[in-house]
């Protein structure tokens, strides 16, 4: 916690300053991004299950439309709720950029998952733990890059 040092010079009790600019906005964005990610996961899980259980698709085939649908839904929700007024003016370019970030996050997720399974007999026996570790890595990448790059400025300040 930061304190107002000027208040000390006038023999008053120290008063806490407001949090640094952007801290509350960042924590709100992080919470919103996590909720939207949960919605995306649920959508992907439902589609994956439906396509494998009822349409006879393999899990790898079903991942393609389930992933694309989840990315499109989370992009729309994040654009509107997590990063309102930020990002690119052209929705198609923003959506494609968002999809590229999500694909990189998914690859990071899979790489961490694979490393966990390769190097830990415990995690090979309980792969859902490795799945969670990978998901955290992918989530962190997706949020950090989305926030710092794609949604770093107001749409009014950005061309493209």
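Coordinate-derived values only; no laboratory data. The structure presented is a predicted model; accordingly, all values stated were derived computationally and were not measured. Here the Cβ is made from the backbone with ideal geometry for all residues, glycine too, and neighbour counts use every protein chain on show.
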The distance between the Cα centres of the stretch 56-79 and the stretch 98-118, in whole Å, is 15
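Rounded to two decimals, what is the ratio between the C-alpha radius of gyration of the stretch 25-84 and 2.2 N^0.38 Å?
1.29
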Nearest-0.05 FRET efficiency for residue 131 and residue 61 at R0 = 22 Å, using Cβ-Cβ distance, is 0.65
Protection proxy (average C-beta count within 10 Å per residue), highest first, orders 130-138, 56-64 as 130-138, 56-64
Fraction of alpha-carbon pairs in the stretch 78-160 farther than 23 Å apart, rounded to whole percent, equals 35
